[in-house]
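Structure first, then comments.
The values are calculated or read from the model by the stated rules, or taken from the named source; none is laboratory data. Everything quoted here is computed from the prediction, not taken from an experiment. Because the Cβ atoms are built from the backbone with ideal geometry, glycine has one as well, and the counts that use them run over all protein chains shown. Side chains included, ligands, DNA and RNA excluded: accessible areas come from the protein's heavy atoms. Shrake-Rupley method; radii C 1.70, N 1.55, O 1.52, S 1.80 Å.
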Amino acid sequence: MCLDVPYPVDYGGVFDLFQKIRVLHAAGVTIHLHCFEYGRGEQPALNEYCAEVHYYSRCEGHKGFSHKLPYIVCSRSSGLLLDRLLQDDHPILLEGIHCTYLLNDERFSGRRIVLRLHNVEYQYYRQLYHSERSLFKKLYYLHESNLLRSYERRIADRVKILAVSERDRDQYRSEFGARNIQTLPVFLPYEEVTTREGTGCFCLYHGNLSVPENEQAVVWLLRNVASALELPLIISGKQPSPRLVRLIDQFPSTCLIADPSEDELQDLIAKAQVNILPSFNCTGVKLKLLNALYNGRHCIVNRGMVDGTGLEAICHIVEGVEDMRSKVVELYSLAIQPEEISKRKQVLAGIHNRDKNVERLMHSIWSDEPLTVEG
């Protein structure tokens, strides 16, 4: 069950969803896809991988609000969906806390259900609260975060959980008492590392610029890095706000490439000398970092971007403004070395081994055994 229509694969949140459908289909699994549609439309391409695809309207606006349930959960409640699921006894894979409304229904108490945990959601929304400038949105994010914290605690030990990072797994264990939880890396479209040797001629930050945390990261880069260095910096991503466009215009060595096509974005990542990717939201796994590691040169991050991901050894981790500035200057004229690329290939192949990970996913879904404790 998907929180959104998982095609086209045009934002980070659907990468894992769509790739999981592809690998399960390739492994011979019959997929009955249920997804919520609220603007992306029905996608015939999904019929290639699924025996059937059902779309449900999301209860947006005041209809999706509840005093007890988080909005992201309550707005994805559907009686028709629950009735369809009760017509058979197939196992259910829930994509995100968003899709867990059925866990409040006793009719599913004996069902084989696995939850794919995308983030520690209450923490994600708390960090959105800190990033947001609009007072109304700040109040919404804070309220949602509080509801999510109590909700995640209630459901944490009801089903098997597959977290995307060790950090999220450990937090669910320590804070919510989850026992039946393991990590399972995200499924990616990249088959191999395509990093080019040599040097590029600009620095790059990319991400969905309509997301408050990404706008916050760009503002931080502009005020703390671009303001002190005269190196060319490209900011690229979807739907930048008018405020962000005006701010970028104030920095002569920085330019904005708004709403790039997928080919344009991949070309930028491949040609950049340094991918600069700070994050102020320390939960989940950032797909933009994995994209840069598979397809770009040097990657500079802060610890919040990589803790608990297993990617620490193949990133340049900085702490603070001065550390960031000096690392950018150091790497800007330094060609990435073949041994660095080899190490990147080794680390990424160990984590994102598609065959091994799809076997683990299938075992988690169909086995009645509790998930083995790792780490």
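Select from segment 79-97 the residues that are of a type outside the set (Asp, Glu) and open to solvent by 20 Å² or more (accessible area, probe 1.4 Å) and list them in ascending order.
Across segment 79-97, the qualifying residues are 79, 80, 84, 86, 87, 90, 91, 93.
Would you point out which residue out of 149, 153, 179 is open to solvent by 20 Å² or more (accessible area, probe 1.4 Å) and part of a loop (DSSP other than H, G, I, E, B)?
The unique qualifying residue is 179.
Quick check on segment 159-167. Is at least one of its residues within 16 Å of residue 364 (Cβ to Cβ) and open to solvent by 50 Å² or more (accessible area, probe 1.4 Å)?
Checking segment 159-167: not a single residue is within 16 Å of residue 364 (Cβ to Cβ) and open to solvent by 50 Å² or more (accessible area, probe 1.4 Å).
Since residue 216 meets every condition but one in (1) crowded, with 18+ Cβ neighbours inside 10 Å; (2) among the polar types (S, T, N, Q); (3) part of a loop (DSSP other than H, G, I, E, B), which condition does it not meet?
With respect to (1) crowded, with 18+ Cβ neighbours inside 10 Å; (2) among the polar types (S, T, N, Q); (3) part of a loop (DSSP other than H, G, I, E, B), residue 216 is out only on (3).
Identify the single condition in (1) at pLDDT below 95; (2) in contact with a Cys (Cβ under 8 Å, 6 or more places away or on another chain); (3) open to solvent by 30 Å² or more (accessible area, probe 1.4 Å) that residue 10 does not satisfy, given that it satisfies every other one.
For residue 10, the failing item is (2).
Specify which of the listed residues (274, 285) is closer than 30 Å to residue 29 by Cα and either buried (at least 18 other Cβ atoms within 10 Å of the Cβ) or among the hydroxyl-bearing types (Ser, Thr, Tyr) (or both).
285
Can you give me the number of residues within segment 315-362 that are open to solvent by less than 50 Å² (accessible area, probe 1.4 Å) and either small (Gly, Ala, Ser) or not in a helix (DSSP H, G or I) (or both)?
Final tally of qualifying residues: 9.
Suppose the filter is in contact with a Ser or Thr (Cβ under 6 Å, 6 or more places away or on another chain), of a type in the set (Phe, Trp, Tyr), farther than 27 Å from residue 242 by Cβ and open to solvent by 40 Å² or more (accessible area, probe 1.4 Å); does residue 101 pass it?
So residue 101 passes the test.
Given segment 1-105, what helices (runs of 4 or more DSSP H) lie entirely inside it while holding 3 or more residues that are charged (D, E, K, R)?
By residue number, 12-26.
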